[in-house]
Amino acid sequence: HRRDAVGRRVIAKLRPSAPENPADRVDRDLDVLAALDSLPQRMRQVCVLHYLQDQSVRDIALTLGIGTGTVKTQLHRSRIALARRLGG
């Protein structure tokens, strides 16, 4: 029974999901951009560099001239602020 349950879960995960409405995606992207814009400048910089530019914590620290601990703290605080702003 366990093997069958695992197989069903795997199949369910591999099954393609329903196509997303492009308008819903645009609305969600605009919400995220507005939430980013509401952050203080340093938090916004760190978020953009890390999540949108895919830079490492070390690279961000070097780019902004701050410590890696500061980058990690800013990422943590910005995730909390964005979650509150975006409702989750």
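The values are calculated or read from the model by the stated rules, or taken from the named source; none is laboratory data. Every value quoted in this text rests on a predicted model; they were computed, and no experiment measured them. Backbone-built Cβ (ideal geometry, glycine too); neighbour counts: all protein chains shown. Keep in mind that these areas ignore ligands, DNA and RNA; they rest on the heavy atoms of the full protein, side chains included. Shrake-Rupley method; radii C 1.70, N 1.55, O 1.52, S 1.80 Å.
Tabulated data for the structure shown
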{"item": "1.4 Å probe accessible area per residue over the chain, in Å²", "result": "79 Å²"}
{"item": "Stretch gain in nm, segment R85-R3, where the contour uses 0.36 nm per residue and the Cα spacing is subtracted", "result": "25.4 nm"}
{"item": "Cα-projected label distance for L14 with V26, points at 7 Å along beta-carbon direction, nm", "result": "3.6 nm"}
{"item": "I66 - accessible surface, heavy atoms, 1.4 Å probe, Å² rounded to 10", "result": "40 Å²"}
{"item": "Global form of the chain, assessed from the alpha-carbon gyration tensor, a/c cut-off 1.5", "result": "prolate"}
